[in-house]
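*Asks:* Got a structure for you, questions after.
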Amino acid sequence: MDAGIVWKEPFRIDLRPLAKAGENALRIEVTNNWNNRLVGDARGEGEHRITRTNLAGKFNERSPLQPSGLIGPVVLQFPIVITSSLSE
């Protein structure tokens, strides 16, 4: 199940609606920011470019890359107690 996308503050997702009793697995996918994508495209050859934008003049192959990704601290807050709704 998809928990959603976090792209702005407060950078939090409530996982309680998705958690189930027992073991749960969490996968986090991280992507780069738009500015870095434009710089990467400016540094690549024509066929490797991914983006098309009207901001091409703002970023070039010499533009600095910005910090991106999981910039800490990354925290999972526990405990989350999930009980089964099945009667025994």
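Since every read-out is calculated from the coordinates, none of them should be taken as a lab result. Keep in mind that this is a model prediction, so the values were computed, not measured. Methodologically, a virtual Cβ is constructed for each residue, glycine included, from the backbone with ideal geometry; neighbour enumeration extends over all protein chains shown.
*Asks:* I need Val30, Val6 ordered by Cβ neighbour count within 10 Å, fewest first.
*Replies:* Ascending number of Cβ neighbours within 10 Å: Val30, Val6.
*Asks:* A further question follows. For a quick protection proxy, order the peptides 12-19, 33-40, 65-72 by their average other-Cβ count within 10 Å, most packed first.
*Replies:* Top to bottom by mean Cβ count within 10 Å: 33-40, 12-19, 65-72.
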